[in-house]
Amino acid sequence: LELENDLRGALDRGELRLHYQPTIDLATSQVVGFEALVRWPHPTRGMINPLDFIPIAEVTGQIVPLGHWVLQEACRQAVEWSAAAGGRPLKMAVNVSVRQLDRADFAESVARVLAETGMAAGLLCLEMTESVLMTDTEANLEQLVRLKALGLTLAIDDFGTGYSSLAYLRRFPVDTLKIDRSFVERLGVIADDTALTDTIVRLGKSLGMSTVAEGIEEFGQLAALREMGCGFAQGYYFSRPIPAAEAGRLFLEGA
Ligand code: G
Ligand code: G
Ligand code: MN
Ligand code: NA
C-alpha cells in the first residue's frame, strides 16, 4: 500500500524515468531503435525494478496513466534523437499491459500521442504478451485492429512462454515475434532450445513476421541467430538498458 501511494506521487511529480535497450539489425549490426523500459528511482528505496511495481500498477489501474506517460516520453525521445541524427529513422518499442488495451479509448490515446509528438506510426511498435491473445479474444482483437489502422506495428513479447494457440497468430494482426530470452539463453547448449528458436524464426518468416531475439549475452548466440536468419536482436552482449543520455549518444554514433 505504501508503494502504491508512493507510485501515485512519483507519477504526479514526474519521478519515473525511461531506460532504453538498443535493438540491433542482425544483417547490418546497426542500432535501428530501442525498447523503452520504465525505471523508478525511489527517494529512499533506491532504484525499483518494474517487476516490483508494474504488477501493483496493473492491479490498481495506475498502469493506465503510467503507460500513457511511457508512451508519450518514448515517442518524444525517438523524434528528438531521429532529428538529431539528420532524420535517420528510429524504431521505438513500448511495452503495453493488457489493462491498457482493455480501455475502450486506448487506440484513440495512442493516436493522440503520435499526433502530439510527431512520431511516425510506422516506427512505433507496441509489445504485448501472449496473454492478450488468450483473454477476451473478440474485444482484444477489435482493439488490435484499431491500433493497426493507425499504421503502427504490434509485437508479441516473450514469445514461446505463454499458452496462446498458433491459430491466434493468423487471427491477430501481429507483425513481430520477440523470442523469449529463456530459449536464447541455452542456444547451442541445449539441442531442444536451439531447435525451438530455429522453429520460431521459421514460423515468423513463413507468416511474414519479423523476429527479434531477446537476451543475447554471448557471441555464440549471436552467430547462431544470424545463421537462422533472425532479423533483430537485443541483449547485454550489445547493451543493457541505458539512461536516455547514453542511448542518444549510441544512436548518433551509429549514424
Ligand atoms: O528492465 P526490465 O527489468 O526492464 O523489465 C522488467 C519487466 O518489466 C519486463 O517484463 C518489461 O516488459 C516490463 N516493463 C518495463 N517497462 C514497462 C512499461 O513501460 N510498461 C509495462 N507494461 N511493462 C514494462
Ligand atoms: O519482458 P521484456 O522482454 O519486456 O523485458 C525485458 C527484460 O529483459 C528487462 O528486464 C531487461 O532488463 C532484461 N534483459 C534485456 N537483455 C537481457 C540480457 O541479455 N540478459 C538478461 N538476463 N536480461 C536481459
Ligand atoms: Mn518487452
Ligand atoms: Na520479452
>> Please determine whether any residue of the range 160-183 is within 16 Å of ligand 4 (Cβ to nearest atom), closer than 23 Å to Ile63 by Cβ and among the aliphatic types (A, V, I, L, M).
In response: yes
> What tally of residues in the range 159-179 results from selecting those that are surrounded by fewer than 12 Cβ atoms within 10 Å (Cβ to Cβ), in contact (Cβ under 8 Å) with a residue 24 or more places away in the chain and in a helix (DSSP H, G or I)?
Replying inline: 1
>> Of the residues Arg240, Arg202, only one is in a helix (DSSP H, G or I) and modelled with pLDDT of 95 or more; which?
In response: Arg202
>> Considering only the range 33-56, I want to know if a residue exists there that is open to solvent by 10 Å² or more (accessible area, probe 1.4 Å), more than 16 Å from ligand 1 (Cβ to nearest atom) and either over 20 Å from the mean Cα position of the chain (by Cα) or under 25 Å from Ile156 (Cα atoms) (or both).
In response: yes
>> Let me confirm something: among Glu73, Glu58, which residue is under 26 Å from Arg249 (Cβ atoms), out of contact with any Gly (no Cβ under 8 Å at 6 or more places or on another chain) and away from ligand 4 (no atom under 16 Å from the Cβ)?
In response: Glu73
>> Considering only residues that are over 14 Å from the mean Cα position of the chain (by Cα) and of a type in the set (D, E, K, R), which ones fall in the range 93-127?
In response: Arg99, Asp102, Arg103, Asp105, Glu108, Arg112, Glu116
> Would it be correct to say that Asp198 is crowded, with 17+ Cβ neighbours inside 10 Å and either touching a Leu at 6+ places or on another chain (Cβ under 8 Å) or within 30 Å of Phe106 (Cβ to Cβ) (or both)?
Replying inline: no
>> Going through Ala155, Ala224 one at a time, which residue ends up being within 14 Å of ligand 4 (Cβ to nearest atom) and either in a helix (DSSP H, G or I) or hydrophobic (A, V, I, L, M, F, W, C) (or both)?
In response: Ala155
>> Show the residue pairs meeting these rules: Cβ distance below 6 Å; 6+ apart or different chains; first residue within the range 85-107 and touching a residue at least 40 places away in the same chain (Cβ under 8 Å) and closer than 18 Å to Thr60 by Cβ; second residue open to solvent by less than 20 Å² (accessible area, probe 1.4 Å) and not in a helix (DSSP H, G or I).
In response: Asn95/Glu127
>> Condition check: within 12 Å of ligand 2 (Cβ to nearest atom) and either more than 26 Å from Arg39 (Cβ to Cβ) or touching a helix residue (DSSP H, G or I) at 6+ places or on another chain (Cβ under 8 Å) (or both). Does Tyr237 satisfy that?
In response: yes
> When both residues are 6+ apart or on different chains and their Cβ atoms are under 8 Å apart, which pairs have a first residue that lies in the range 185-214 and is farther than 19 Å from Leu166 by Cβ and more than 16 Å from ligand 4 (Cβ to nearest atom), and a second that is of a type in the set (A, V, I, L, M, F, W, C) and assigned to a loop (DSSP other than H, G, I, E, B)?
Replying inline: Thr194/Leu187
> Out of the range 73-105, which residues are away from ligand 2 (no atom under 16 Å from the Cβ) and either surrounded by 21 or more Cβ atoms within 10 Å (Cβ to Cβ) or closer than 16 Å to Arg39 by Cβ (or both)?
Replying inline: Glu73, Cys75, Gln77, Ala78, Trp81, Ser82, Leu90
>> Against the conditions (1) within 16 Å of ligand 4 (Cβ to nearest atom); (2) in a helix (DSSP H, G or I), where does Leu141 fall short? Just the number, please.
In response: (1)
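The values are calculated or read from the model by the stated rules, or taken from the named source; none is laboratory data. Bear in mind the structure is a predicted one, so any value in this text is a computation, not a measurement. Backbone-built Cβ (ideal geometry, glycine too); neighbour counts: all protein chains shown. Just the protein is used for accessible areas: all its heavy atoms, side chains included, with ligands, DNA and RNA removed. Shrake-Rupley method; radii C 1.70, N 1.55, O 1.52, S 1.80 Å.
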